[in-house]
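Derivation of every value follows stated rules applied to the coordinates shown; laboratory data play no part. The structure displayed is predicted, hence computed values, not measured ones. So basically every Cβ, Gly included, is an ideal-geometry build from the backbone, and we count neighbours across all protein chains shown.
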Amino acid sequence: MGKLIEFAGITYKVVAAALLAALLLGLAPASQAASNGMLKVGVLEDPKSLNLWLATDAWSNRVLGMIYQPLFIREPKGSKLVPWLAASEPVYDPGKMTYTLKLRPAKWSDGTDFTAEDVVFTGNTIKEFKIPKQSSKWSFINKIVAVDKHTVRFELKRPKATFLTRTLVTPIVQKKQWEKVVAKARKSEKPLSALLRDSVDHPVGTGPFKLEQWKKGVFVYLTANPYFFGKGQTIQGFKMGPYIKGIIFKVFGTADAAVLALRKGSIDFYWNSIQAGYLNQLEGDKDIKLFVSNKSGLYYLGFNVRKAPFDDQALRQAIATVIDKNFIVKRVLQGYGERLWSVIPPGNTFYYNPDVPKYGKGLNHDQRVKKAYEILKAAGYTWEVPPVNAQGQVQRAKGIRLPDGDPMKEFTILTPPADYDPHRAMSGQLIQEWLRAMGMPVVSRPMAFGALIQKVKGQHDFDCFILGYGKLSLDPGYLRAFFHSKMNKPNGWNMSGYESAAFDALATDSNNAMDPDQRREKVMILQNMLMTAVPYIPLYNPTIIEGVRTDRFTGWVPMLNGIGNLWSFCDIKPK
């Protein structure tokens, strides 16, 4: 802890430890906190692990993202991929199906050189151990070669668009730190498990910060990495820092405690989207600024199309027509969000298709009911009491019957519980009422998140569900993962059970298309296919609302998915 404070050229370990404690408890005055250059960030949970291969939760990845770095990252203005540890764009040889990549001169946080051997080691480790969250990004690479200290050549088995958009954004690990761990794991009975179990107490990275201390359940303390390759360089118009001495991630556990800490000045940034209910407490504070950012998210209603009645496209289209997405955004999200019409959100500007079918858009309640009634009536559905009477007036329907004449059986919409996600739980209740008004016997039922995932993804034992992805990749390869027939298996990502030979072929072609514009054309068609078939009904995408103190630091960089990004942490400065 003696590295924290330097006064008159002398480092005081006792004073440093005392000040860190004061900062964590919110006891240090604002001027002292700012002058010492320590950014205090409020988080809700501890990292689950600092083992890069094991970490899948957001809190672990936020810390690890300050330490481990990829070859390319997204820039803040248009989310375009730009060289990071790479020095320039890769050179493609279509004849040999190879990419050659030059690396920046860089060092690891222990002062040793970052080289092509580290890239080769990272890729080969992922391929050998089939590391779950990374394996698919590297499986199509035949060989990785260190041409020289700062040049890597990737030999592909087949063309793959995702090489540029997914493989090259993989964090790179240090061969020196990991080669003994890998060698030991290789000899064990279960090599992958052994690799994932390694504790990695002090990860060595090339990022702007390095781990100083982690007190579980209390804080994670990072200090500026003196060897960070970007320091002083201008990248994408930003003269890179970091300009702060370090970051303290303080674990609060509840949003109430974190928001209160932001108001009191105990933290400088609350790294989580602030729920609308807290905004009144923050909006009048002159020392707090709220940033509202778009998200690459998808929250949706999914159907089990493997069984009746949800194997009927007409029924799914009618349900999509009845749902009032505008009401959900206004009342449930209190205006902090956007309606979704496609499974690719609008923030993904390059791949988003604005011309997919938009069921119910621009219609009022009665018009939506009448339109849904027309769809169902044409498909052979009947009612004891129809939703539209003989005079063309909307009424509450009763006793819907399937095209074969059988009454529709009661079905369930599974949602996470309100204490886990009130938006999804409340959306389920609203959809229940809209469908009941159409005569459908439906119940919205909250279920513990883990149990819900098991029923939907593991057992395929469900009717409908409401789930979401809070941070979708900007690479559209997930369309294949979510809807390809090969993924329609227990614990596969095709949870709806949608199957289409035409979709399968085009989704595979799109993931292999090396030309971005050609790939974009295919992705546009894929979205149209999905929104015609509607195995999912996209509902909404919440905006991110983040709060910072303006009396201590300045320089936050807004971008898609919020200000909590690497560009911000390399650019913020004490006031």
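One table, with the values for the structure above:
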{"quantity": "Cross-link reach list, aspartates and glutamates versus Lys210, counting only Cα pairs under 19 Å and skipping chain neighbours closer than eight places", "calculated": "Glu6, Asp46, Asp110, Asp113, Asp118, Asp198, Asp201, Asp571"}
{"quantity": "Calculated FRET efficiency for the pair Asp366/Lys471, C-beta based, R₀ 41 Å, to 0.05", "calculated": "0.65"}
{"quantity": "Square roots of five times the Cα gyration tensor eigenvalues for the range 298-542, Å", "calculated": "29, 20, 19"}
{"quantity": "Within the chain, longest stretch free of exposed GluC sites (Glu not before Pro) [DSSP loop, at most 13 other beta carbons within 10 Å]", "calculated": "190-409"}
{"quantity": "Coil-residue trypsin sites (Lys or Arg not before Pro) of the range 125-232, DSSP, other Cβ within 10 Å capped at 12", "calculated": "Lys149, Lys157, Lys187, Lys216"}
{"quantity": "The chain: angle of helix 175-186 to the longest principal axis, Cα-based, in degrees nearest 10", "calculated": "60"}
{"quantity": "Members of Lys127/Lys573; Lys40/Lys102; Lys289/Lys330 lying beyond 30 Å, as alpha-carbon distances in this model show", "calculated": "Lys127/Lys573; Lys40/Lys102"}
{"quantity": "Full-extension gain in nm, Ser139 to Gln275, via 0.36 nm per residue minus C-alpha separation", "calculated": "44.9 nm"}
{"quantity": "The range 169-309 shape via C-alpha gyration tensor axes, a/c threshold 1.5", "calculated": "oblate"}
{"quantity": "Cα shape, the range 50-132, gyration tensor, a/c 1.5 rule", "calculated": "rounded"}
{"quantity": "Phi-based couplings in Hz for the range 496-509 (Karplus 6.51, -1.76, 1.60; Gly and Pro marked x)", "calculated": "6, x, 4, 9, 8, 4, 5, 5, 3, 5, 6, 5, 5, 4"}
{"quantity": "Whole-number D in µm²/s for the chain (Stokes-Einstein; Kirkwood sum over Cα pairs; 37 °C, 0.692 mPa s)", "calculated": "126"}
{"quantity": "Those trypsin sites (Lys or Arg not before Pro) in the range 443-490 that DSSP places in a loop and that have at most 15 other beta carbons within 10 Å", "calculated": "Lys471"}
{"quantity": "Dipole of the chain, positive end: most advanced residue of Thr56, Phe154, Val181 [Cβ charges, Cα centre]", "calculated": "Val181"}
{"quantity": "Extension reserve of the Lys409-Ser188 stretch, reckoned as 0.36 nm per residue once the Cα distance is removed", "calculated": "74.3 nm"}
{"quantity": "The range 36-83: trypsin sites (Lys or Arg not before Pro) falling in loop per DSSP and having at most 14 other Cβ within 10 Å", "calculated": "Lys48, Lys77, Lys80"}
{"quantity": "Value of [θ]222 nm, deg cm²/dmol, for the chain, DSSP H segments ≥ 4, -39500 (n - 2.57) each, nearest 500", "calculated": "-8500 deg cm²/dmol"}
{"quantity": "The range 455-538 - Rg (one decimal) and Dmax (whole number), Cα, Å", "calculated": "13.0, 40"}
{"quantity": "Equivalent ellipsoid, the range 432-575 (semi-axes from 5 times Cα gyration tensor eigenvalues, Å)", "calculated": "34, 25, 15"}
{"quantity": "Cα gyration tensor, the range 72-177 - rounded (a/c under 1.5), prolate or oblate", "calculated": "rounded"}
{"quantity": "Degrees separating the helix 116-129 axis from the principal Cα axis of the chain, which is the longest one", "calculated": "40"}
{"quantity": "Folded to 0 to 90 degrees: helix 365-378 orientation relative to the chain principal axis, Cα", "calculated": "60"}
{"quantity": "Surrounding net charge for Tyr352, when Lys and Arg each add one and Asp and Glu each subtract one, Cβ distance under 12 Å", "calculated": "-1"}
{"quantity": "Förster radius 51 Å - calculated FRET efficiency between Glu155 and Glu433, Cβ distance, rounded to 0.05", "calculated": "0.35"}
